[in-house]
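The values are calculated or read from the model by the stated rules, or taken from the named source; none is laboratory data. This is a predicted model, so every value here is computed, not measured. Glycine gets a Cβ as well: all are built from the backbone with ideal geometry, and neighbour counts include every protein chain shown. With ligands, DNA and RNA removed, areas are computed over all heavy atoms of the protein, side chains included. Shrake-Rupley method; radii C 1.70, N 1.55, O 1.52, S 1.80 Å.
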Amino acid sequence: MAESMQGLKRSHRCGELSNKNIGQPVTVMGWVQKSRNKGGIIFVDLRDRSGILQVIFEEADCGAECFAKAEKLRSEYVAAIEGTVEARRGAVNENLKTGDIEIRATNMRILSEAETPPFPIEENSKTKEEIRLKYRYLDLRRPDLQKNIYMRSQVATLARQFMAKEGFIEIETPILQKSTPEGARDYLVPSRIHPGKFYALPQSPQLFKQLLMCSGFDRYFQIARCFRDEDLRADRQPEFTQMDMEFSFVDQEEVMDVNERLLQYLFKEVLDVDVALPIQRMCWKEAMERFGSDKPDLRFGMELTNVTEVVKNCGFGVFKGAIDNGGSVRGINAKGQGQMPRKKIDALVDYAKGYGAKGLAYAAIQEDGTIKSSFAKFMTEEEMSALVEAMEGEPGDLLLFAADRDKIVFSVLGALRLLLAEQMNLLDKNEYRFVWITEFPLLEWSDEENRYMAMHHPFTMPYEEDIPLLDTDPGKVRAKAYDIVLNGNEIGGGSIRIHQDDIQEKMFEVLGFTKEQAHEQFGFLLDAFRYGVPPHAGLAYGLDRLVMLMAKEDSIRDVIAFPKVKDASCLMTSAPESVDPKQLEELEISIEKH
């Protein structure tokens, strides 16, 4: 039966005690990790968020009543224990920070009994994620998850402190706001007071933070909740957290400087990792040419090689056809993988098809210099030798080639490069490789919409020298946009914003908006710009993704207290769920099933 805590006050957390406390009376409270009755002496491991502490019960010290209660302790019981800190009499446990001490109990209260949990509360759980997420409140008791959640809190606190010292003001922006086009789908919230009308949950605080620049708050910061109704991946959630900022009267260099120092500060304080400044920079075009990705992982090589000129006159129709259609032929060299079994190569081909490839050409260079290839019969010996030389192929290497439009070739080889690096154990989670990616295309063509779309958003400033191209060749216009990438993950992105009326109008025109449409969607921002708007710029980090990488996890679900699963549902609460018909009536909403 559960007892009251009345009259007791916790003096220390379990993991806070050390050999400096030997001889001191203490009161600790927490969950029973495990209990071992050795006959006349009971050992209990007590756990709270600070760590695990061993407690010893002997009847001579704690009395018959307390010892009898100790015999009842089971895994996950909640207990309050009074006792004295002693040096551990048995072997020191090197795996615990309290491994050289123990508590000799003098009194104990069972604050709460517990049923046997559906899985063990232990680090590096092998229990299926679906079960752990259903009982997330138990999963969160695991020390490794608690460590991640603590790290997330630490990052947020340190970021706030740093930004405050840099002169940023923390301001909250609305959660209920207007739905705007572009980007992912909005989550909509119906209004009871305005039947038939809807708020949207923010995909980002973008428009409001630009309005704050118009309002004279020249340095804004916010840790903001954001929402996007999109398909999920390991590093995506329907609701997520941004570390968001906006500056006035700055250029790209000043934005990068503040953020480089912020990252340096966070990594030193949280991980004791030194980030060398300045962080490497790379323009978008170079990143795509070398790595097939605008978020390149620089922890390993295996860069793309353009062999279009080498094979343009060869007899292999796949290569020649791609080139004749305005595409290219590029390859990667998987060093030392020349003996890869055909079955694994076929799996790579199937993987490439998932990224739009029609196929994948390969050449495996054997140790004796002979070549096993899917296309050698279409090439002369001289053509194949020239190709191997261009790829810097050596005995034991596996050469993989994609031939298509550049967009597909980059997508295929960029993904293959990462897959092979994983298979070849080239990814070191203890290494942190940052890079700024700059000079993104301002626009990208959408076949679905049959128009240009903003690669970032409609308020991104183009390079001044590229502005004339908006009329003649919009696809070649570069944006004053910058992403910060870590180990192949975009952790933050931003841009210099448009603050001139004529450029903003031209941007809307290229995106296919009439003046009326632009004003209908963004009128409040455009109106604000009429009253004096400073040049401004901003950047936002995905806090979940940043902490995921700092914690060396593979999924942001492991750094979020209560995450959703892939279909955007919550296994613990069963959200989303049907609502009472009366609620729908009040909102004047009816549901039609199709």
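Brief remarks on what is shown
- Entry remark, region 372-406: residues being open to solvent by 60 Å² or more (accessible area, probe 1.4 Å), part of a helix (DSSP H, G or I) and modelled with pLDDT under 95 number 5 in total.
- Identification of strands (runs of 3 or more DSSP E) wholly contained in region 420-519 with 3 or more residues that are open to solvent by less than 60 Å² (accessible area, probe 1.4 Å) yields 434-438, 451-454, 481-486, 489-496.
- Boolean, Val78 is crowded, with 16+ Cβ neighbours inside 10 Å and within 16 Å of Phe43 (Cβ to Cβ): no
- All positions within region 211-232 that are touching a strand residue (DSSP E or B) at 6+ places or on another chain (Cβ under 6 Å), outside any loop (DSSP other than H, G, I, E, B) and not charged (D, E, K, R): Leu212, Met213, Tyr220, Phe221, Gln222, Ile223, Ala224, Cys226, Phe227
- Residues of region 373-387 classified as aromatic (Phe, Trp, Tyr) and farther than 18 Å from Leu398 by Cα, total: 1
- Scanning region 62-69 turns up no residue that is open to solvent by less than 50 Å² (accessible area, probe 1.4 Å) and more than 21 Å from Ser4 (Cβ to Cβ).
- Unmet requirement for Val307, which otherwise passes all of (1) out of contact with any strand residue (DSSP E or B) (no Cβ under 8 Å at 6 or more places or on another chain); (2) buried (at least 17 other Cβ atoms within 10 Å of the Cβ): (1)
- A residue that is among the hydroxyl-bearing types (Ser, Thr, Tyr) and either touching a Phe, Trp or Tyr at 6+ places or on another chain (Cβ under 6 Å) or farther than 22 Å from Leu486 by Cα (or both) occurs somewhere in region 402-416.
- Unmet criterion (only one of (1) open to solvent by less than 90 Å² (accessible area, probe 1.4 Å); (2) in a helix (DSSP H, G or I)) for Gln583: (1)
- In the set Leu158, Leu212, Leu140, Leu133, only one residue is crowded, with 20+ Cβ neighbours inside 10 Å, modelled with pLDDT of 95 or more and among the aliphatic types (A, V, I, L, M); that residue is Leu212.
- In region 166-190, of all residues being touching a Lys or Arg at 6+ places or on another chain (Cβ under 6 Å) and at pLDDT 95 or above, the one that is least open to solvent (accessible area, probe 1.4 Å) corresponds to Phe168.
- Given (1) touching a strand residue (DSSP E or B) at 6+ places or on another chain (Cβ under 8 Å); (2) small (Gly, Ala, Ser); (3) in a loop (DSSP other than H, G, I, E, B), index of the condition Gly359 fails: (1)
- Look at (1) surrounded by fewer than 18 Cβ atoms within 10 Å (Cβ to Cβ); (2) not aliphatic (A, V, I, L, M); (3) not in a loop (DSSP other than H, G, I, E, B) and you find that Pro195 fails only one, number (3).
- A single member of Asn95, Asn124 is open to solvent by 30 Å² or more (accessible area, probe 1.4 Å) and either free of Cβ contacts under 8 Å to residues at least 12 places away in the same chain or aliphatic (A, V, I, L, M) (or both), and it is Asn95.
- Asp346 vs. criteria open to solvent by 60 Å² or more (accessible area, probe 1.4 Å), assigned to a loop (DSSP other than H, G, I, E, B) and over 23 Å from Ser446 (Cα atoms): no
- Qualifying residue in region 4-16 (condition: at pLDDT 95 or above and more than 30 Å from Phe119 (Cβ to Cβ)): yes
- From the options Asp244, Asp257, Asp297, residue that is closer than 17 Å to Ala481 by Cα, under 19 Å from the mean Cα position of the chain (by Cα) and either of a type outside the set (Phe, Trp, Tyr) or not in a loop (DSSP other than H, G, I, E, B) (or both): Asp244
- Which listed residue is open to solvent by less than 40 Å² (accessible area, probe 1.4 Å) and under 24 Å from Tyr150 (Cβ atoms), from Phe267, Phe247, Phe291: Phe267
- Of everything in region 533-544 that is more than 19 Å from Arg261 (Cα to Cα) and not β-branched (Val, Ile, Thr), the residue that is most open to solvent (accessible area, probe 1.4 Å) is Pro535.
- When Gly359 is tested against (1) open to solvent by 50 Å² or more (accessible area, probe 1.4 Å); (2) at pLDDT below 95, just one condition goes unmet, and that condition is (1).
- Scanning region 302-343 for residues that are aliphatic (A, V, I, L, M), outside any loop (DSSP other than H, G, I, E, B) and within 17 Å of Met384 (Cα to Cα) gives Val310, Val311, Val318, Val329, Ile332.
- Any hit, region 53-63, residues being within 30 Å of Ile149 (Cα to Cα) and not β-branched (Val, Ile, Thr): yes
- Region 74-116, residues that are of a type in the set (Ser, Thr, Tyr) and not in a loop (DSSP other than H, G, I, E, B): Thr84, Thr106, Ser112
- Within the option set Phe217, Phe249, being closer than 30 Å to Leu277 by Cβ, out of contact with any Gly (no Cβ under 6 Å at 6 or more places or on another chain), touching a residue at least 60 places away in the same chain (Cβ under 8 Å) and hydrophobic (A, V, I, L, M, F, W, C) holds for one residue only, Phe249.
- Among the criteria (1) at pLDDT 95 or above; (2) touching a Gly at 6+ places or on another chain (Cβ under 9 Å); (3) in a loop (DSSP other than H, G, I, E, B), the one Asp235 does not fulfil is (1).
- Any hit, region 419-428, residues being of a type outside the set (S, T, N, Q), touching a strand residue (DSSP E or B) at 6+ places or on another chain (Cβ under 9 Å) and without any contact (Cβ under 8 Å) to a residue 60 or more places away in the chain: no
- Within region 1-52, considering residues that are crowded, with 16+ Cβ neighbours inside 10 Å and among the small types (Gly, Ala, Ser), the one nearest to Arg88 (Cα to Cα): Gly15
- Of the candidates Leu262, Leu201, the single residue that is over 23 Å from Thr157 (Cα atoms), crowded, with 20+ Cβ neighbours inside 10 Å and of a type in the set (A, V, I, L, M) is Leu201.
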